[in-house]
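**Q** One structure follows; several queries about it will come next.
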Amino acid sequence: MKKRLFICILALFLIVLGISGCGDAKVQTKDTNVQQGSSDTKSIDGGTQQSTASSKYQTTYGSKKFNNVKITVELFDRSNAPEGSTITDNKWVKYVNEQMNKVGITVEFIPVPRWDEVTKMQAMMASGTAPDITLTYTYAHAESYFNQGGTWDLTEFIDGPDQALNMKKYLGKDVLDIGRNANKQLYGIVARRATTAKSNLFIRKDWMDKLGLSIPQTPDELYDVIYKMVYNNPDGRKDAIGAITWNAWNMKMAFSQVASNKTKAAIANGDDAFADYYDPGMREYYRFMNKLYNAGLMNKEYYTMSEDNFKTYIATGTVAFFEYAVNGSVDVLRGSLLKTLQENVPGADIISIQPLKNVNDGKQYSAGYALGGLINFCPKTASAEKVEACMTYLDWLCTKDGGFAIYHGFEGEHFNYDQNGVPVVINAEYNSKDKDWIRTDLFLTGNQGYFATVDDFNACTAKEAPGYEQHVIDNYRNALTGIIVNDTTYTSPSTPDLITDIGLVRDEYTVQCITCPEAEFDATYDKYMAELEKVGIKTIIEERTKYFTELYGN
């Protein structure tokens with residue numbers, strides 16, 4: 001009896017001791033780049049020590065040693081790997097794994113063609129083969145998968161006071177909250193944009209100069225300039241193409257009838273036919289494009305054009321005018337198009353121009369990105385341990401040894417700091433072949449680079465295009481000229497269920513509206529609107545109207 005009593009007392013003592021030990025449990029990170037992530041943490045000797053019990057999942061890089069966990073991560077493939085490297089076998093993939101192996105994680109990258117990413121993502125999700133970290137720029141798809149129970153709620157991996165501290169510091173609450181639904185569930189990790197500059201209108205300056213033309217300021221002036229550059233081409237080219245709009249964000253701003261109203265502009269915002277249906281000005285935008293097409297000022301099969309073909313037309317000196325990514329004319333990632341053009345056509349020049357004056361009120365409007373870029377999410381095919389490792393990986397990407405190194409490289413090899421502490425490229429050509437071709441696609445928690453401020457981004461980016469610094473400065477200035485209409489990140493309740501069918505209608509009918517005979521344009525556009533209604537766009541517009549009216553007023 002005494003022995004049994006002693007054992008019971010000893011067991012009770014051990015239980016009490018265990019509870020006491022758990023109450024005092026603390027985790028200190030080994031990563032000196034970890035920053036305070038909430039008021040519930042305190043910094044100790046460069047690390048971070050939590051003041052309460054540990055969260056179930058430890059996702060601050062260095063706070064946990066995993067037991068050889070392998071995660072798969074989607075990686076956009078742009079088919080631009082330099083000789084001697086592949087998208088999955090290169091210096092930077094090896095660097096990632098060197099760093100992640102320190103905490104027991106191995107990263108396997110799954111390449112996905114950049115411009116087929118949505119189709120590929122949908123196929124992988126449907127077949128249960130999606131990577132543990134899957135990504136997209138279409139938030140509605142990510143939220144739809146979550147609503148269907150196909151992806152993880154990341155709240156319990158991120159929101160604890162000791163969790164993902166680097167991520168919280170770098171992204172900030174506003175960006176992190178973009179990936180939450182109305183119930184505050186975190187269905188994805190959104191990348192932070194270094195700048196919201198989005199798009200530019202580009203034109204062949206040398207052709208304008210030879211023809212004595214001025215920079216167009218209105219759509220009608222643009223039409224006139226394009227017409228003369230094609231049919232009175234100063235270089236005698238018979239293959240000149242007047243216009244290609246790979247993106248059409250700023251061109252649409254020149255016709256919008258709602259851009260001046262914050263609420264209505266938000267309702268119309270998006271690449272999913274919302275503006276086409278809601279903004280009466282879009283009919284006139286498509287009428288303008290139809291006029292260009294029927295005048296022979298567009299590539300007759302523009303709708304089948306790949307981005308590589310699009311860039312080839314520019315680099316070989318064929319295109320007079322185009323809309324593309326904000327720094328698309330000289331961006332190394334997009335092939336240094338102007339540099340290549342000048343090698344092919346000495347004396348050629350491409351400049352960005354300010355947004356065209358709106359046909360309704362004469363003001364200039366520029367489309368701008370939202371604060372967030374792509375969104376990362378974890379399919380339910382990943383185990384909880386893998387999700388924990390995935391969040392640790394994304395947290396590491398928010399550190400100086402992570403995303404900063406991947407984007408900027410190493411001091412002394414790729415860059416040196418200037419007097420303001422901004423990394424300045426040492427040899428742009430070397431960087432282009434060594435890291436620039438893959439850096440933005442590996443850096444999943446940042447769009448357009450790891451920077452503290454927009455000014456730092458502009459200063460650094462200009463130095464990355466030696467000989468074209470002024471082009472870069474002008475590009476980013478022009479892209480944020482006038483009234484900025486930023487993208488919204490709101491997804492209405494019905495959007496996830498309807499967005500795919502709406503996209504199919506949009507893709508079919510926008511081509512028809514641009515390529516039909518001018519006499520058939522209005523009937524074709526009316527048919528487009530009717531088909532959008534059939535697939536439920538009116539429901540989404542009503543939901544968006546209610547939301548943004550409550551948010552901004554009428």
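**Q** Being touching a residue at least 40 places away in the same chain (Cβ under 8 Å) and not acidic (Asp, Glu) narrows it down to one residue among Gly421, Gly373, Gly409; which is it?
**A** Result of the check over Gly421, Gly373, Gly409: Gly373.
**Q** Just wondering, is there one or more residues in the stretch 109-122 that are under 20 Å from the mean Cα position of the chain (by Cα), at pLDDT below 95 and β-branched (Val, Ile, Thr)?
**A** There is at least one residue in the stretch 109-122 that is under 20 Å from the mean Cα position of the chain (by Cα), at pLDDT below 95 and β-branched (Val, Ile, Thr).
**Q** Just to be sure before I move on: is Tyr227 closer than 30 Å to Thr453 by Cα, hydroxyl-bearing (Ser, Thr, Tyr) and either touching a Cys at 6+ places or on another chain (Cβ under 8 Å) or modelled with pLDDT of 95 or more (or both) in the structure I sent?
**A** Considered against the rule, which asks whether it is closer than 30 Å to Thr453 by Cα, hydroxyl-bearing (Ser, Thr, Tyr) and either touching a Cys at 6+ places or on another chain (Cβ under 8 Å) or modelled with pLDDT of 95 or more (or both), Tyr227 comes out as no.
**Q** If you don't mind, there's one more thing I want to ask. Quick check: anything in the stretch 450-467 touching a Leu at 6+ places or on another chain (Cβ under 7 Å) and either modelled with pLDDT of 95 or more or over 22 Å from Phe322 (Cα atoms) (or both)? Give the derivation first.
**A** Restricting attention to the stretch 450-467, the residues satisfying the condition of being touching a Leu at 6+ places or on another chain (Cβ under 7 Å) are none.
Checked against the condition, which is being touching a Leu at 6+ places or on another chain (Cβ under 7 Å) and either modelled with pLDDT of 95 or more or over 22 Å from Phe322 (Cα atoms) (or both), the stretch 450-467 yields no hits at all.
**Q** Hey, does the stretch 436-444 have a residue that's in contact with a helix residue (DSSP H, G or I) (Cβ under 8 Å, 6 or more places away or on another chain), at pLDDT below 95 and more than 17 Å from Tyr95 (Cα to Cα)?
**A** Within the stretch 436-444 (the criterion being in contact with a helix residue (DSSP H, G or I) (Cβ under 8 Å, 6 or more places away or on another chain), at pLDDT below 95 and more than 17 Å from Tyr95 (Cα to Cα)), the answer is no, since none of the residues qualifies.
**Q** Identify all residues within the stretch 513-546 that are assigned to a helix (DSSP H, G or I) and in contact with a Ser or Thr (Cβ under 7 Å, 6 or more places away or on another chain); write none if there are none.
**A** The answer is Cys513, Thr539, Ile540, Glu543, Arg544.
**Q** State whether one or more residues within the stretch 189-201 are without any contact (Cβ under 8 Å) to a residue 40 or more places away in the chain, in the same structural domain as Gln148 (by TED's automatic domain parsing), touching a Leu at 6+ places or on another chain (Cβ under 6 Å) and closer than 30 Å to Ala370 by Cβ. Working first, answer last.
**A** First pass over the stretch 189-201, keeping only residues without any contact (Cβ under 8 Å) to a residue 40 or more places away in the chain: none.
No, the conditions are met nowhere in the stretch 189-201.
Okay, residues lined up against (1) among the small types (Gly, Ala, Ser); (2) in the same structural domain as Lys56 (by TED's automatic domain parsing); (3) closer than 18 Å to Val73 by Cβ:
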residue	(1), (2), (3)
Met121	no, yes, yes
Thr129	no, yes, yes
Thr136	no, yes, yes
Thr151	no, yes, yes
Ile158	no, yes, yes
Gln163	no, yes, no
Arg180	no, yes, no
Ile203	no, no, no
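**Q** Is it the case that Ile426 is among the aliphatic types (A, V, I, L, M), modelled with pLDDT of 95 or more and not assigned by TED's automatic domain parsing to the domain that holds Asn247?
**A** Working: among the aliphatic types (A, V, I, L, M): yes; modelled with pLDDT of 95 or more: no; not assigned by TED's automatic domain parsing to the domain that holds Asn247: yes.
Against the criterion (among the aliphatic types (A, V, I, L, M), modelled with pLDDT of 95 or more and not assigned by TED's automatic domain parsing to the domain that holds Asn247), Ile426 does not qualify.
**Q** To continue, here is another question. Here are the criteria: (1) surrounded by fewer than 20 Cβ atoms within 10 Å (Cβ to Cβ); (2) within 27 Å of Asp487 (Cβ to Cβ). Tell me which single one Val112 does not satisfy.
**A** Result: Val112 fails condition (1) only.
**Q** Scanning for something crowded, with 16+ Cβ neighbours inside 10 Å and in contact with an Asp or Glu (Cβ under 6 Å, 6 or more places away or on another chain), does the stretch 206-227 turn up at least one residue?
**A** Within the stretch 206-227, one or more residues are crowded, with 16+ Cβ neighbours inside 10 Å and in contact with an Asp or Glu (Cβ under 6 Å, 6 or more places away or on another chain).
**Q** Kindly indicate the residue of the stretch 264-315 that is within 25 Å of the chain's Cα centre (by Cα) and basic (Lys, Arg) and also nearest to Asp224 (Cα to Cα) among those meeting that condition.
**A** Applying the filter and picking the extreme gives Lys311.
**Q** State whether one or more residues within the stretch 210-217 are in contact (Cβ under 8 Å) with a residue 24 or more places away in the chain, of a type in the set (D, E, K, R) and over 30 Å from Tyr450 (Cβ atoms).
**A** Looking through the stretch 210-217, at least one residue is in contact (Cβ under 8 Å) with a residue 24 or more places away in the chain, of a type in the set (D, E, K, R) and over 30 Å from Tyr450 (Cβ atoms).
**Q** Now, a different point. Checking Glu413 against (1) modelled with pLDDT of 95 or more; (2) among the charged types (D, E, K, R); (3) part of a helix (DSSP H, G or I): exactly one of these is not met. Which one?
**A** Status for Glu413: all satisfied but (3).
**Q** Something else: Of the conditions (1) crowded, with 19+ Cβ neighbours inside 10 Å; (2) over 21 Å from the mean Cα position of the chain (by Cα), Asp395 satisfies every one except a single condition; which number is it?
**A** Just one mismatch for Asp395, condition (2).
**Q** From (1) farther than 21 Å from Ser432 by Cβ; (2) at pLDDT below 95, pick out the condition that doesn't hold for Gly335.
**A** (1)
The values are calculated or read from the model by the stated rules, or taken from the named source; none is laboratory data. None of these values were measured; they are calculated from a predicted model. Don't worry about glycine lacking a Cβ; one is built from the backbone with ideal geometry, like all the others, and counts go over all protein chains shown.
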